[in-house]
Amino acid sequence: MTTPTRFSGIALPTVDEEIWRYSRIGELDLAKYAAGRLDTTLEVAGDARDIVSTGSFADCGRAMPIAVDAFAEISAIQSTGPTADVTIVRIPRGRAIIEPIVITRTVSAPGVVATPRLIVDAAENSEVTVIERFVSADDVDALVVPIVEMSAAQSARITYLAINELGNRTWKIAHQQSLGERDSSTRIYTVALGGDYARVRTEARLIGTGASTQQVALYFADNDQMHDFRTLQTHVAPRTHSDMLFKGAVAGTSKSVYTGLIRIEKDAHGSQAYQTNRNLTLSEGAWAESVPNLEIETNDVKCSHASTVGPIDDEQRFYLESRGIRPEVAERLVVLGFFNEVIERLPNLPVVAGLRDKVAAKLSGAS
Amino acid sequence: MSTLQISNLQAGIAGKQILHGIELTVRSGEVHAIMGPNGAGKSTMSGVIMGKPGYQVISGAVSIDGHDLLGKPAWERALAGLHLVMQYPTEVPGVHIDDVMREAFATRGRDTQGLDALIAKEAGRINFGTELVARSLNVDLSGGEKKRNETLQLSLLKPKFAILDELDSGLDIDALRDCARRVEAATTEDNLGVLVITHYARLLEELRPDFVHILAAGKIVKSGGPELADELEKSGYAAFQ
């Protein structure tokens with residue numbers, strides 16, 4: 001443990017900055033927290049143990065420069081000395097890791113800032129699935145600042161799934177970044193159920209011809225929670241493909257924000273980019289904002305974006321109720337159906353199978 | 001033996017009165033056809049009886065065996081034994097028929113063991129393909145497939161009374177026959193009482209009505225036997241408008 005003065009030089013952003021607009025950043029008091037760590041446990045199949053190691057700050061930021069902001073700085077400061085927590089998954093050329101690597105990050109000490117970093121470096125034509133779970137008990141007032149950097153070399157395939165099951169007093173401010181070279185595939189999934197204020201900035205950069213990426217998220221907030229997402233689909237190279245689907249629901253007096261940008265740079269001709277964000281507001285007091293954006297610097301591209309915010313459709317509710325289903329059950333069916341589109345796209349793994357039940361359980365608690 | 005009783009039903013939508021005093025009695029096992037031109041109030045009638053939001057009841061009563069329906073929400077009307085086969089079944093993405101039937105059986109206190117086999121059996125009776133049964137409710141289904149889906153739910157839920165709101169609209173001849181025959185069978189197998197709302201007599205060749213009523217300008221203007229449908233087919237609605 002070191003003293004919070006370690007962060008004394010850090011200037012936190014404010015809601016006056018466009019990318020922090022709508023956020024709860026103004027509530028954050030860094031002085032409340034001491035530098036610290038969380039507990040990391042790894043589940044790795046025997047034949048894949050050699051690809052996972054513990055690194056240091058020197059390994060960070062190689063794949064792509066981390067977006068410079070206060071939280072990247074905090075993570076950098078903590079990535080040396082006793083607070084360092086850098087996990088590296090490095091898959092050699094041509095190797096496919098069949099069993100997913102599951103990393104569980106548990107925040108057990110209140111009052112700390114923890115900055116776990118994960119580096120996934122997939123060499124040419126390799127394949128890996130990494131699941132990173134974030135967990136804390138309800139009374140743990142802490143700040144988690146995770147960073148994941150993914151780098152997919154030519155024809156490499158990375159699947160990453162972040163699951164937020166943090167307690168209701170834990171804050172999370174995360175960076176997800178991926179870099180895709182020629183013909184690579186990166187799939188970045190997020191399931192956000194927990195946390196007090198949980199923000200994820202996720203950026204997929206397609207730098208090699210024919211690279212593709214998917215960014216998919218399910219988020220569900222209740223009580224006073226807030227989920228805050230910033231997405232970037234950055235097409236640098238020609239004939240790249242990005243597909244983004246974010247679906248969320250807000251109950252109680254919770255909030256969610258989605259702001260996304262598709263950016264097609266001048267050399268990225270022949271690219272396709274799709275962006276869909278749909279939000280259900282399940283109560284009068286809940287609030288969701290959706291701001292999709294396009295920035296296209298070349299011709300010959302296919303782009304679409306769609307965004308909706310609204311309550312459960314009355315016709316759908318009536319249809320189910322007319323079959324003799326109670327209103328609260330009809331509502332649960334509609335919401336679970338709404339999320340099914342996302343759940344069906346997640347990798348078929350035991351940890352995913354349980355998520356539908358967790359969403360259902362949260363829904364019963366919220367109504 | 002049950003009775004669906006509609007007495008002096010007056011109702012409207014958005015402040016405009018559409019139904020001007022409907023009187024109708026349907027008993028178990030009977031098939032009543034309501035025929036009428038566009039704008040007669042056919043869909044308003046089915047919506048009001050089932051409790052679709054947006055309609056206002058001005059006066060009158062609807063009951064099953066003396067138990068009032070109009071004071072109840074839609075789901076309780078369904079539990080009382082009423083079922084609506086919708087003209088335009090709503091798409092509910094990500095929700096499957098087995099989810100819905102499981103919940104609908106649960107509210108009725110019916111055992112859900114063997115439900116999947118029951119769904120497969122009933123789907124088979126109306127030639128509704130298993131790959132279509134697995135789709136989200138009414139999503140990416142053709143007009144005919146949607147009506148088969150509606151008929152499948154009717155056959156599973158076994159209500160006392162079913163209102164078929166233009167079951168035949170947008171339906172190909174095979175689907176029409178499969179659906180109509182299934183409903184006809186339910187009138188004898190389960191003693192289902194049917195109120196079939198239609199614009200055309202075509203449907204009534206498969207689903208034989210015991211009574212035919214002509215609805216015009218929100219009132220039943222003429223009632224008779226099956227011959228009334230044939231008469232209408234020849235002379236049209238002009239005489240009643």
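The values are calculated or read from the model by the stated rules, or taken from the named source; none is laboratory data. Since we're looking at a predicted model, the values are computed, not measured. So basically every Cβ, Gly included, is an ideal-geometry build from the backbone, and we count neighbours across all protein chains shown. Note: accessible area is taken over every heavy atom of the protein model, side chains too, but ligands, DNA and RNA are not part of it. Shrake-Rupley method; radii C 1.70, N 1.55, O 1.52, S 1.80 Å.
For the protein assembly as shown, a Kirkwood hydrodynamic radius built from all Cα pairs, placed in the Stokes-Einstein relation at 37 °C and 0.692 mPa s, yields a translational diffusion coefficient of 120 µm²/s. With Cα atoms defining each centre, the stretch B:76-99 and the stretch B:1-42 are spaced 20 Å apart in the structure. Normalised by the number of residues in chain A, the mean separation of alpha-carbon contacts (under 8 Å, six or more apart) gives a relative contact order of 10 percent. Have a look at the DSSP beta bridges in the stretch A:4-312 and tell me what percent are antiparallel, nearest 5. Looking only at bridges with both residues in the stretch A:4-312, the antiparallel portion is about 5 percent. Each eigenvalue of the Cα gyration tensor of the stretch B:127-197, multiplied by 5 and square-rooted, gives one semi-axis; in descending order these are 20, 13, 11 Å. Across the stretch A:268-367, Cα pairs under 8 Å and at least six residues apart give a relative contact order of 24 percent. Springs between Cα atoms under 10 Å define the GNM used for chain A, and in it the highest mean-square fluctuation of A:PHE71, A:PHE220, A:PHE57 occurs at A:PHE57. Each residue, A:ILE98 and B:LYS121, gets one label point 7 Å from its Cα in the Cβ direction; the gap between the two is 4.2 nm. Listed by chain and number, the lysines whose C-alpha is less than 26 Å from the C-alpha of A:LYS362, apart from same-chain residues fewer than 8 away, are A:LYS172, A:LYS247, A:LYS255. Using a probe of 1.4 Å, the accessible surface attributed to A:ASP196 totals some 30 Å² when neighbouring protein chains are kept in position. A straight line joining the Cα centroids of the stretch A:102-179 and the stretch A:284-303 runs 25 Å. The DSSP beta bridges internal to the protein assembly as shown are antiparallel in roughly 20% of cases. Across the stretch B:71-86, coupling constants 3J(HN,Hα) worked out from phi with the 6.51/-1.76/1.60 Karplus curve, θ = phi - 60°, read x, 9, x, 3, 5, 6, 5, 5, 5, 6, x, 9, 9, 10, 8, 7 Hz, and Gly and Pro carry x. Amide H contacts of A:LEU245 (H built 1.01 Å from N, in plane; Pro and chain starts excluded): A:GLN215, A:VAL216, A:ALA217, A:THR276 sit under 5 Å, all sequence-distant by 5 or more or on other chains.
Counting, for every residue in B:87-94, the Cβ atoms of other protein chains within 10 Å of its Cβ and taking the mean gives 6.
Ordered from largest to smallest accessible area (heavy atoms of protein chains, 1.4 Å probe), the residues A:ARG157, A:ARG323, A:ARG37 come out as A:ARG37, A:ARG157, A:ARG323.
With all protein chains in place and ligands, DNA and RNA left out, the 1.4 Å accessible area ranks B:TYR200, A:TYR219, B:TYR237 as B:TYR200, B:TYR237, A:TYR219, largest first. Cβ-Cβ distance of A:GLU328 and B:ARG110, R₀ of 22 Å, FRET efficiency by 1/(1 + (r/R0)^6): the value works out to about 0.70. Residue pairs exceeding 21 angstrom between C-alpha atoms, taken from B:LYS72/B:LYS219; A:LYS266/A:LYS302; B:LYS42/B:LYS158; A:LYS32/A:LYS358; B:LYS52/B:LYS147; B:LYS72/B:LYS222: B:LYS72/B:LYS219; B:LYS42/B:LYS158; A:LYS32/A:LYS358; B:LYS72/B:LYS222.
D for the stretch A:26-143, whole µm²/s, Stokes-Einstein with Kirkwood Rh over alpha-carbon pairs at 37 °C and 0.692 mPa s: what number?
Working: Rh = 15.5 Å.
My calculation gives 212 µm²/s for D.
Among B:PHE161, B:PHE211, B:PHE105, the largest mean-square fluctuation in a Gaussian network model of chain B, built with springs joining Cα atoms closer than 10 Å, belongs to B:PHE105.
Computed over chain B, the convex hull of the alpha-carbon atoms projects to a mean area of 12.4 nm². The Cα atoms of the stretch A:4-312 define a convex hull whose projected area, averaged across directions, is 15.1 nm². Close amide-amide hydrogen proximity is noted between A:ARG187 and A:ILE158, A:THR159, A:TYR160, A:GLN214, each under 5 Å apart and 5 or more residues distant or on a separate chain (H modeled in the peptide plane; Pro and chain starts excluded).
Estimated purely from DSSP H runs of n ≥ 4, each contributing -39500 (n - 2.57), the mean residue ellipticity at 222 nm for chain A is -4500 deg cm²/dmol once divided by its residues. Its Kirkwood hydrodynamic radius, worked out from the mean inverse distance over all distinct Cα pairs, puts the stretch A:81-207 at 14.9 Å. Across the stretch A:291-307, rounded Karplus estimates of 3J(HN,Hα) from the backbone phi angles (6.51 cos²θ - 1.76 cosθ + 1.60, θ = phi - 60°) give 10, x, 9, 10, 9, 10, 10, 9, 8, 6, 10, 10, 9, 8, 9, 9, 8 Hz, Gly and Pro being marked x. Based on Cα contacts under 8 Å between residues 6+ apart, chain B shows a relative contact order of 28 percent.
Taking a quarter of the surface of the Cα convex hull of the stretch B:112-234 gives a mean projected area of 8.5 nm².
Only protein heavy atoms count here; under a 1.4 Å probe, B:SER2 has an accessible surface of about 10 Å². At the residue level, B:ARG102 shows approximately 90 square angstrom of accessible surface with a 1.4 angstrom probe and all protein chains present. Look at where the Cα atoms of the stretch A:1-54 and of the stretch A:229-244 average out, and the two centres are 26 Å apart.
For the stretch A:8-20, putting each phi into the Karplus relation 6.51 cos²θ - 1.76 cosθ + 1.60 with θ = phi - 60° gives couplings of 4, x, 7, 9, 5, x, 10, 5, 5, 7, 3, 6, 10 Hz, in residue order, rounded to whole numbers and with x for Gly and Pro. If you sort B:TRP75, A:TRP287 by accessible surface, 1.4 Å probe, largest first, the order is A:TRP287, B:TRP75.
Taking every Cα-Cα distance in the stretch A:231-328 and sorting them into 10 Å bins starting at zero, the pair-distance distribution P(r) comes out as 16, 33, 24, 17, 9, 1 percent.
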